[in-house]
Structures are given as structure tokens and as C-alpha cells.
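Notes follow once the structure below has been shown.
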Amino acid sequence: RMYKILNVLEFNSSRKRMSVIVKGNDGKILLLCKGADSVMFERLAKNGREFEEKTMEHVHEYADAGLRTLILAYRELEAEEYKDFANKFSEAKNLISADRERSIEEVSDNIEKNLILLGATAVEDKLQNGVPDCIDKLAQAGIKIWVLTGDKMETAINIGFACSLLRQGMKQIIIHLDTPEIQALEKDGDKIAITKTSRQSVLFQIREGAAQLTAHRGSSQQAFALIIDGKSLAYALEDDMKNMFLELAIRCASVICCRSSPKQKALVTRLVKSGTGKTTLAIGDGANDVGMLQEADIGVGISGVEGMQAVMSSDIAIAQFRYLERLLLVHGHWCYRRISSMICYFFYKNVTFGFTLFLYEVYASFSGEPAYNDWFLALYNVFFSSLPVIALGVFDQDVSARYCLKFPLLYQEGVENILFSWRRVLSWMLNGFFSALLIFFFCTKAMEIQAFDSEGRTAGREILGATMYTCVVWVVNLQMALSISYFTLIQHIFIWGSIFIWYIFLLIYGAVPQKISENAYKVFVESLAPSPSYWIVTLFVVISTLIPYFSYNAIQMRFFPMYHEMVQWIRYEGKTEDPDYCNMVRQRSLQPTTVGSTARLAAKANQSLDKNIKLMMELLAGSYQVEEYVAGSDITSMVMLWCMEPTFAFDVGKKNKTIAGLTFSS
């Protein structure tokens with residue numbers, strides 16, 4: 001058969017359906033419509049619901065299998081009815097006012113009624129490779145994961161289990177409006193009553209969920225998941241209810257918002273960003289994710305079969321979801337450490353340099369004469385201390401990429417702002433202050449009254465200034481060398497090259513006429529280089545200035561290590577392949593409310609352990625009594641022994657048994 005397409009009623013996120021009007025060879029005009037079940041069933045005619053219950057069963061079965069579903073329906077139009085629609089539709093499309101889209105939707109809505117159900121379709125939409133593992137690593141890193149999807153609730157729940165966002169034993173708080181009371185009101189078509197009852201139902205369910213969380217507050221191993229559909233979300237995001245909804249959501253381990261429109265996705269993102277004050281990242285691959293990507297602090301678009309709209313609206317583009325793991329856990333951690341260390345070092349080197357100038361002014365009774373030559377002042381941040389810090393900000397790695405992925409909790413150092421807190425910034429400034437003190441007083445006291453060279457001359461302002469400047473250049477560059485965790489050839493070139501450039505500059509600048517070089521004229525060739533005092537003072541001052549930082553760093557890393565330093569010790573001590581030691585360190589990232597496959601296995605192990613302990617205690621209560629307890633013994637070893645080999649732990653053929661410091665008798 002041949003059909004002529006008369007009109008196409010386009011799909012959009014608010015309509016959740018699309019239609020096409022065609023005319024056959026026999027002159028019949030048909031409207032063919034497909035869309036989400038949440039909007040299609042309510043548009044069926046009374047004589048078009050013959051297969052409604054059976055179709056709904058099939059749709060739920062498809063959704064349980066993780067398939068995406070669509071409802072198909074049709075309607076035959078009379079010629080006069082279509083003519084009237086075509087005129088109104090043409091007028092709406094020709095409008096140039098702001099009401100154009102609304103007018104088109106109203107005209108389309110009037111024709112898409114009294115449909116006859118045809119059936120349902122189901123399409124498989126598989127997860128990309130590596131998605132469950134990626135989510136597991138992100139959860140271990142302490143990142144809270146919310147799913148905002150347009151899929152049916154059953155499909156979303158299935159995907160949640162597939163990604164380990166949901167697991168067996170996790171209590172699900174499901175907020176929906178599929179109650180008999182609301183369904184009856186929808187059939188009657190009383191919109192005011194539907195709105196009032198729906199709002200009250202959502203409020204009641206949110207309060208009930210909060211009560212469940214409060215009741216289980218003492219249970220450290222119980223995790224909750226919040227699942228809410230699009231209709232309920234519309235009421236939950238209202239001004240008088242959104243704060244309650246947010247409070248409930250942030251207390252749950254995972255949150256799944258299904259049947260969400262693009263606008264709702266953006267509103268949820270805004271609510272989390274403004275309500276918690278946290279940094280939000282949104283990731284999506286379709287046009288319906290554009291609002292969410294733009295609303296989040298960081299938008300990550302996935303390029304794929306669903307077009308490039310998400311990529312064009314995002315801050316960062318990746319090819320697959322699993323690449324988010326490396327983007328955040330590796331490059332995110334490295335960038336945070338590099339930038340924070342770079343800024344702290346900028347404070348340090350400028351405080352060190354500037355405070356020596358201030359101390360000299362105090363020493364010279366504020367005479368106004370600077371300690372350093374004008375060109376020394378101008379070129380300090382250009383040639384003598386800038387290149388190493390640039391290398392630090394580009395190349396430094398405290399932990400390799402493999403260890404960043406193996407220990408995801410490293411990412412929390414950025415979230416908790418450990419490396420760029422006020423305490424750390426002020427400590428670097430304080431370090432610069434003490435470095436300046438040591439440089440200034442050691443240099444002035446070493447050159448104050450005794451002869452500077454073999455001819456018996458004492459050091460003048462130009463010699464003292466050049467010596468102090470040399471010490472500053474050495475100290476700030478070697479301080480950078482002590483701060484670097486990952487040396488490359490470029491960093492070596494920049495650090496040693498900056499010191500070498502200083503001496504080359506002294507030679508060249510000192511060789512120009514005195515009118516230009518002023519007090520730096522031949523100061524290195526004639527005064528500094530021939531004098532042993534200059535080299536001895538430089539060596540002594542540099543070592544003395546770096547010892548406090550080196551000592552503090554060594555003590556802190558040995559006895560009070562931060563998490564990245566613990567990982568560095570694992571590598572240094574050769575325990576990278578020791579599964580018990582690595583798991584002990586990694587366990588710090590597993591919280592009771594964590595989601596992901598690792599947390600699922602840990603929860604399963606805890607449940608098994610609790611069950612065995614309970615069984616052991618029941619046997620003890622019924623058959624044994626504790627006669628003696630040795631103080632300081634490890635009762636955990638008895639529990640683990642029972643879990644591994646219960647027949648060995650309790651041999652009922654023996655009258656007495658001592659395990660882990662406990663003596664039992666039957």
C-alpha cells in the first residue's frame with residue numbers, strides 16, 4: 001500500500017510522543033502515534049482499550065528485562081476534522097510570536113485523542129563496555145552518583161542493578177503516583193483533584209522515606225536507594241517540597257529519577273548544586289541531556305550514535321562513559337595536585353624574595369636603597385624562578401596512573417581540599433618567611449665585619465645583595481626540587497637551568513658599561529667568584545634553609561602520612577602485589593552507603609559474617625558456657641575461625657576447648 005504523508009507532529013520532551021498523519025489510496029486519513037506509556041494510555045478511547053491490560057503486562061515484562069518500550073496507537077480521522085486541524089496547525093506554524101511552540105502543542109494535543117491501542121515495541125539498549133567498573137571506581141572515590149533517565153521505572157531499576165547502583169539487601173524508597181485512587185481520578189478526568197491528590201501523595205511518601213532513614217540511623221550497614229518517577233518529580237521539585245526531597249535524596253546511597261524530562265534533569269541538577277553547595281558533574285550523550293550539561297558545574301558529553309548535541313553543549317567531550325574513570329581519578333587528581341602545589345609555591349618563592357627586601361630595609365634603617373639591582377628585581381619572576389614552577393604544573397605526578405585507579409580514594413584529597421586549604425597555603429608562606437630570615441641573617445652576619453676577600457676588603461651593599469640574591473635563587477629552586485614527586489628531563493633542565501642562567505646573567509650584565517649595570521658592574525668576576533667566602537656562605541645558607549622543610553616533610557610522611565603518601569609507601573616497600581595490604585588501605589574508601597560492585601561484594605561478605613556470628617552465638621548459648629577469658633586475646637580470630645571451618649572450631653567430642661583466649665566447656 002502507498003500512503004501520502006500529510007503532517008508530522010514532532011516529538012519533544014514535554015509531549016513524550018510523536019505522530020504522523022497519512023492518507024491511503026482508498027482516501028482514508030489515519031493518525032499514527034507512538035510514545036511513552038505514561039502519556040499514551042491516558043489518550044486511548046473507551047473502545048480502544050481492548051488490549052490495554054495485556055499490553056501493560058508485556059510492557060512491564062520488557063522493562064524488567066531492561067528494554068526500552070514504546071506504545072503504538074492509531075485513529076481514523078474524518079475529512080472535515082482533518083481539514084479543521086490542518087488549518088489550525090498551519091496557522092500555529094506560521095506564528096512568529098513567543099507562543100508559537102505552545103500553540104503547535106495545543107493543536108497537536110487536540111487531535112491526538114481517542115486513540116485505538118495497537119501494541120507495544122521493545123528495543124534493547126545495552127550498557128557500554130566498562131560502565132559497571134567505572135561506576136564502582138567513582139563510588140569508591142566518594143563521588144555521589146545520581147541517575148536521571150527518561151526510561152521507565154522498571155527499566156531504570158534493572159539498569160541500576162546492572163551497574164551495581166542497586167543491590168540485594170538495599171532498601172528501596174520508591175515514590176510514584178500509580179495508586180488506585182489517582183488512577184481512578186485520571187479516568188474521571190478531574191485535573192484539579194488529580195493535582196491535589198498527587199501533591200499530597202508525593203509529600204506523604206517523602207516524609208515516609210525520611211522516617212525510614214531515621215529509624216535505621218543506628219544501622220551502619222543499611223543502605224537506601226531513592227527511586228522516583230517523572231510525575232512525582234514534578235511535584236517534588238516545587239518550592240515548598242524540594243528541600244525535603246533533597247534532604248531525603250542526599251541521605252540515600254543512590255538516587256534514580258526515571259521518566260524525567262530534560263527540564264526536570266536540569267532542575268534536579270540545579271537543586272543539588274544550590275542546595276548542597278557541592279561541585280556537580282553531569283554526563284550525557286543525547287539532545288535531552290543538553291539542559292543538564294549546561295546547568296552542572298562541569299558538563300561531559302559523550303559522542304556517539306545519538307548525535308553531537310551533547311558534545312557541542314559540554315565542557316569536555318569523551319567517546320565512551322568508561323573514560324570518565326580516567327578523566328576524574330587520574331587527570332582530575334593530577335591537575336588538582338599540580339595547580340595547588342604551583343600556587344602554594346608561587347606564594348613561597350615571592351614571600352622568600354620579598355621579605356629579604358623588607359629585612360634589608362629594616363637593617364638599613366629604611367634608607368630607601370634596595371638590596372638588589374633593579375634588573376635583579378625585574379627578572380626574578382621571569383627567568384630565575386618561573387620555569388620550574390611551570391614544569392611542576394605540567395608534569396608532576398605524586399602517584400602513577402595505575403595507582404590512581406587502584407586506590408580511588410586519592411580523588412577525595414581534591415574534594416576535601418586537603419592540598420589547597422588555608423592551613424597549607426599559610427604554611428607555605430610561613431616557610432617562605434623563615435627561609436627569608438635564614439638567608440638574610442646568615443648572609444649579613446657572615447659578611448658583617450670580617451674581610452670578604454684575600455685583599456682584606458669588606459663586603460659592600462652590591463656584594464651583600466648579589467650574595468643574598470644567589471642564595472634566594474638556589475633555595476627557591478632546590479625547594480621546588482624537594483617538592484617534586486616525579487622528575488622528568490624537562491624538570492631537571494628547568495631547575496638547574498634557572499640557576500645556571502643566574503650566573504650567566506651576572507657575567508653578561510656585569511660586563512656592560514657601569515652606567516647601565518650600576519652597582520652590578522663586574523661584581524661577579526672581580527668580587528664574588530674569586531672569594532671563597534661567597535661560595536661557602538652560599539652552600540651553608542642553602543643547606544641550612546632547606547633542612548627545616550626536609551625534616552618536617554620526612555617526619556610527616558613517616559609518621560603522619562596523607563593518603564597519597566601511604567600509596568607511595570606501598571610502592572616504596574614493594575607491597576604493590578600484596579593483596580591483603582592493598583585491601584587494608586583501600587578499605588578506607590568503602591563506606592556503608594557506598595554503591596558499586598566492590599561495595600556489593602563487601603556487603604555480601606558482611607551479611608555472611610553476621611549470619612555466621614549469629615549462628616555461633618546461638619550454639620554457644622545452647623551448648624557451651626564461657627569458663628575463662630584471657631584479657632587482650634583476639635576474639636576476632638575465633639569468629640573468623642568459625643566462619644572458615646566451624647567443625648574445627650567446635651569439636652563436640654571434646655569436653656573443653658580454648659580458642660582465641662576463650663575456654664569453653666560443654
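The values are calculated or read from the model by the stated rules, or taken from the named source; none is laboratory data. Given the structure is predicted, the values throughout are model-derived calculations rather than measurements. Don't worry about glycine lacking a Cβ; one is built from the backbone with ideal geometry, like all the others, and counts go over all protein chains shown.
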request  = Of all residues in region 356-368, count the ones that are surrounded by 11 or more Cβ atoms within 10 Å (Cβ to Cβ) and either aromatic (Phe, Trp, Tyr) or over 16 Å from residue 440 (Cα atoms) (or both).
outcome  = 3
remark   = How many residues of region 513-530 are part of a helix (DSSP H, G or I) and either within 16 Å of residue 469 (Cβ to Cβ) or touching a residue at least 12 places away in the same chain (Cβ under 8 Å) (or both)? The answer is 9
message = If I ask for residues that are under 30 Å from the mean Cα position of the chain (by Cα) and hydrophobic (A, V, I, L, M, F, W, C), which ones from region 203-214 would you list?
response = 206, 210, 211, 213
key: helices (runs of 4 or more DSSP H) wholly inside region 341-414 containing at least 3 residues that are within 22 Å of the chain's Cα centre (by Cα) and modelled with pLDDT under 90   = 401-406
task = Starting from residues that are among the acidic types (Asp, Glu), more than 41 Å from the chain's Cα centre (by Cα) and over 25 Å from residue 1 (Cβ atoms), keep the ones in region 30-54 and report whichever is surrounded by the most Cβ atoms within 10 Å (Cβ to Cβ).
result = 52
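Would you say residue 325 is modelled with pLDDT under 95 and either surrounded by 17 or more Cβ atoms within 10 Å (Cβ to Cβ) or within 26 Å of the chain's Cα centre (by Cα) (or both)?
yes
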task = From 307, 393, 354, grab the single residue that is at positive phi and out of contact with any Asp or Glu (no Cβ under 6 Å at 6 or more places or on another chain).
result = 307
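Go through the residues of region 252-270 one by one and say whether even a single one is in the same structural domain as residue 135 (by TED's automatic domain parsing), surrounded by fewer than 16 Cβ atoms within 10 Å (Cβ to Cβ) and more than 21 Å from residue 155 (Cα to Cα). Give the derivation first.
Filtering region 252-270 for residues in the same structural domain as residue 135 (by TED's automatic domain parsing) gives 252-270.
Subset that is surrounded by fewer than 16 Cβ atoms within 10 Å (Cβ to Cβ): 263.
Of the ones still in play, those that are also more than 21 Å from residue 155 (Cα to Cα) are none.
Scanning region 252-270 turns up no residue that is in the same structural domain as residue 135 (by TED's automatic domain parsing), surrounded by fewer than 16 Cβ atoms within 10 Å (Cβ to Cβ) and more than 21 Å from residue 155 (Cα to Cα).
Inside region 415-428, can you point out the residues that are in a helix (DSSP H, G or I) and touching a helix residue (DSSP H, G or I) at 6+ places or on another chain (Cβ under 7 Å)?
Matches in region 415-428: 424, 425, 428.
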ask   = Within region 211-234, can you find the residues that are part of a loop (DSSP other than H, G, I, E, B) and closer than 19 Å to residue 154 by Cα?
value = 229
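Matching residues to (1) of a type in the set (Gly, Ala, Ser); (2) without any contact (Cβ under 8 Å) to a residue 60 or more places away in the chain:
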{"residue": "334", "(1), (2)": "no, no"}
{"residue": "351", "(1), (2)": "no, no"}
{"residue": "382", "(1), (2)": "no, yes"}
{"residue": "393", "(1), (2)": "yes, yes"}
{"residue": "397", "(1), (2)": "no, no"}
{"residue": "416", "(1), (2)": "no, yes"}
{"residue": "421", "(1), (2)": "yes, yes"}
Whichever residue in region 189-202 is exposed (fewer than 12 other Cβ atoms within 10 Å of the Cβ) and under 16 Å from residue 178 (Cα atoms) and, among such residues, is nearest to the chain's Cα centre (by Cα) = 200
query = Among the listed residues 208, 186, 181, which satisfies the condition of being in a helix (DSSP H, G or I), more than 27 Å from residue 39 (Cβ to Cβ) and among the charged types (D, E, K, R)?
reply = 208
task = Restricting attention to region 108-142, report how many residues are more than 20 Å from residue 49 (Cβ to Cβ) and either among the small types (Gly, Ala, Ser) or buried (at least 21 other Cβ atoms within 10 Å of the Cβ) (or both).
result = 12
request  = Find the strands (runs of 3 or more DSSP E) located wholly in region 253-319 whose residues include 3 or more that are free of Cβ contacts under 8 Å to residues at least 12 places away in the same chain, and list them.
outcome  = none
ask   = Going through region 485-534 one residue at a time, which ones are crowded, with 16+ Cβ neighbours inside 10 Å, closer than 20 Å to residue 391 by Cβ and polar (S, T, N, Q)?
value = 491, 498
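Of the residues that make up region 176-187, is at least one crowded, with 21+ Cβ neighbours inside 10 Å and touching a strand residue (DSSP E or B) at 6+ places or on another chain (Cβ under 7 Å)?
Filtering region 176-187 for residues crowded, with 21+ Cβ neighbours inside 10 Å gives 177.
Still in the list and also touching a strand residue (DSSP E or B) at 6+ places or on another chain (Cβ under 7 Å): none.
Scanning region 176-187, I find no residue that is crowded, with 21+ Cβ neighbours inside 10 Å and touching a strand residue (DSSP E or B) at 6+ places or on another chain (Cβ under 7 Å), so the answer is no.
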